[in-house]
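Novice: The structure is given below, and queries will be raised subsequently.
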Amino acid sequence: MKNEDVVQFQGYDPVYYDLTYGKNSKDLPFYTNITTDIKGKVLEVACGSGRMYLELLKVGVDIHGIDLSEEMLDALKKKAEEKNLDPKVSQADMRNFNLDDTFEMIIIPGRSFIHNVTTDDQLSTLKCCRNHLTDGGRLVMNLFYPSREVMATKYNRENIIPMDKPVEGMELVNWSGFVNEPDQVIVTKSTWKQDGKVVSEFRSELAYIYKREFELLLRLAGFSSWQVYGGFEYQPLESINQEMVWIVNK
Ligand SMILES: C[S@@+](CC[C@H](N)C(=O)[O-])C[C@H]1O[C@@H](n2cnc3c(N)ncnc32)[C@H](O)[C@@H]1O
């Protein structure tokens with residue numbers, strides 16, 4: 001599959017993103033613990049509207065951020081201003097960024113890595129991250145495990161998704177399905193309805209990744225050691241219903 005075949009990412013509406021995921025904090029203790037141990041700088045790749053970024057900044061992590069979406073970064077900056085925080089974020093593409101700096105740790109929470117739809121994009125992102133790590137630095141990220149069960153029961157049909165910050169009369173309907181099954185590309189369409197009327201719609205193509213496939217990508221990108229866990233509490237990865245949590249050493 002070539003890059004030209006991919007429908008480019010259309011961008012989230014930060015207001016609806018925050019209503020849906022704003023309070024999602026299952027991963028917060030993990031990313032807080034692992035980054036507050038760091039003496040130097042940390043970079044969040046695809047920091048979005050700051051769900052994780054602002055929490056880490058608040059507890060004193062020297063955190064920098066990049067994201068492709070100007071709207072998401074504007075929302076992050078607005079929230080930072082309200083909280084009297086001073087963010088260090090810039091607009092950049094994870095597949096091709098050059099910050100003229102290196103970091104002790106790079107984090108990619110929120111499964112953002114799956115926005116890389118082609119193998120070329122996946123590899124460019126990993127190589128870019130590696131180039132921005134200090135020697136001995138670590139890349140930390142989480143990905144969903146592609147579960148056959150979820151694909152069989154939840155794909156190609158509408159699913160109502162609970163919102164983190166429920167709004168009276170508002171409903172989020174999600175639809176996920178395959179765009180190109182051999183290439184593992186899926187599309188997710190999220191539709192927010194207020195009293196039955198569509199108020200926002202967001203569509204994104206994503207590529208899911210298997211454990212051994214990701215290990216090969218890491219090798220190709222020049223990494224040689226890593227640990228993968230089955231959740232944010234460092235559980236062993238034993239089933240397809242767990243989150244894959246990766247800690248990769250440079
Ligand atoms: C699921 S959100 C995660 C945001 C944040 N990390 C969090 O955990 O809430 C995915 C983010 O990836 C960003 N994104 C998508 N493609 C990107 C790219 N090629 N380079 C940088 N950011 C990208 C989107 O703009 C969005 O903010």
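Novice: Explain nothing, just the number: relative contact order of the chain, from Cα pairs under 8 Å at least 6 residues apart, as a whole percent.
Specialist: Details: 486 pairs, mean separation 48.7, N = 250.
Relative contact order for the chain comes out at 19 percent.
Novice: Let me ask another. Please list 3J(HN,Hα) in residue order for the stretch 47-54, calculated via the Karplus relation 6.51 cos²θ - 1.76 cosθ + 1.60 where θ = phi - 60°; whole Hz, with x for glycine and proline.
Specialist: Per-residue couplings from phi come out as 6, x, 8, x, 3, 8, 3, 5 Hz.
Novice: May I pose another question? Applying 1/(1 + (r/R0)^6) with R0 = 25 Å to the Cβ-Cβ distance of Ala152 and Asp183, what FRET efficiency is obtained, to the nearest 0.05?
Specialist: 0.85
Novice: Please sort 223-236, 37-50 by packing, taking for each peptide the average over its residues of neighbouring beta carbons within 10 angstrom, highest first.
Specialist: So the order, starting with the most tightly packed, is 37-50, 223-236.
Novice: Also, I was wondering about something else. Would you mind classifying the stretch 78-156 by shape? Square roots of the alpha carbon gyration tensor eigenvalues, ordered a ≥ b ≥ c; an a/c under 1.5 is rounded, otherwise it is prolate if a/b is larger than b/c and oblate if not.
Specialist: Since a/c reaches 1.5 but b/c is at least a/b, the shape of the stretch 78-156 is classed as oblate.
Novice: In Å², what does the accessible area per residue of the chain work out to with a 1.4 Å probe? Before the final figure, lay out each step's value.
Specialist: Numbers: 12650 Å² over 250 residues.
About 51 Å² of surface per residue is accessible.
Novice: Of Asn142, Val45, Ile186, whose Cα points farthest to the positive end of the dipole of the chain (charges on the beta-carbon: +1 Lys, Arg; -1 Asp, Glu; origin at the Cα centre)?
Specialist: Result: Asn142, furthest along the dipole toward the positive end.
Novice: Would you calculate, for the chain, the mean residue ellipticity at 222 nm contributed by helices, counting each DSSP H stretch of 4 or more residues as -39,500 (n - 2.57) and dividing by all residues, to the nearest 500?
Specialist: Numbers: 7 runs with 66 residues, N = 250.
Helix-only estimate at 222 nm: -7500 deg cm²/dmol.
Novice: How would Ile106, Ile160 line up by accessible area, probe 1.4 Å, largest first?
Specialist: These residues rank, largest area first, as Ile160, Ile106.
Novice: With a 10 Å cut-off between alpha carbons and a GNM built on the chain, which of Met52, Met151, Met163 moves the most?
Specialist: The residue with the greatest mean-square fluctuation here is Met151.
Novice: Further question: Normalised by the number of residues in the stretch 148-205, what is the relative contact order in percent for Cα pairs under 8 Å and 6+ residues apart?
Specialist: Across the stretch 148-205, relative contact order equals 26 percent.
Novice: Something else now. With both bridge residues required to lie in the chain, what share of the DSSP beta bridges run antiparallel, to the nearest 5%?
Specialist: Once the DSSP bridges in the chain are tallied, antiparallel ones form about 70 percent.
Novice: Order of 56-66, 140-150 by packing, highest average Cβ count within 10 Å first?
Specialist: 56-66, 140-150
Novice: Based on alpha-carbon centroids, what's the gap between the stretch 188-250 and the stretch 102-131 in Å, whole number please?
Specialist: 12
Novice: Moving on to the next point. Just the number, please: Stokes-Einstein D of the stretch 148-205 in µm²/s, Kirkwood Rh from C-alpha pairs, 25 °C, 0.890 mPa s.
Specialist: Once the numbers are plugged in, D ends up at 199 µm²/s.
Novice: Which one of Gly110, Gly196, Gly11 has the biggest mean-square fluctuation once the chain is modelled by GNM with Cα springs under 10 Å?
Specialist: With Cα springs under 10 Å in the chain, the top fluctuation among Gly110, Gly196, Gly11 is at Gly196.
Novice: Then there's this: How many nm is it between the label spots at Asp164 and Gln242, if each spot is 7 Å from the Cα in line with the beta carbon?
Specialist: With each label placed 7 Å out from Cα toward Cβ, I get 2.5 nm.
Novice: Next question. How about Lys58: which aspartates and glutamates have a C-alpha closer than 17 Å to its C-alpha, ignoring those fewer than 8 places off in the same chain?
Specialist: Reachable aspartates and glutamates: Asp27, Asp37, Glu44, Glu81, Glu82, Asp86.
Novice: Between Asp195 and Trp175, what FRET efficiency comes out of the Förster formula 1/(1 + (r/R0)^6) with R0 = 25 Å and r the beta carbon distance, rounded to 0.05?
Specialist: Efficiency computed from Cβ-Cβ geometry: 0.80.
Novice: While we're on this one: Just Asp93, Asp13, Asp195 to compare: in a GNM of the chain, with alpha carbon springs under 10 Å, which one fluctuates most?
Specialist: Asp195
The values are calculated or read from the model by the stated rules, or taken from the named source; none is laboratory data. Values in this document were obtained by computation on a predicted structure and should not be read as measured data. Backbone-built Cβ (ideal geometry, glycine too); neighbour counts: all protein chains shown. Please note that ligands, DNA and RNA were not included when accessible areas were found on the heavy atoms of the full protein model with its side chains. Shrake-Rupley method; radii C 1.70, N 1.55, O 1.52, S 1.80 Å.
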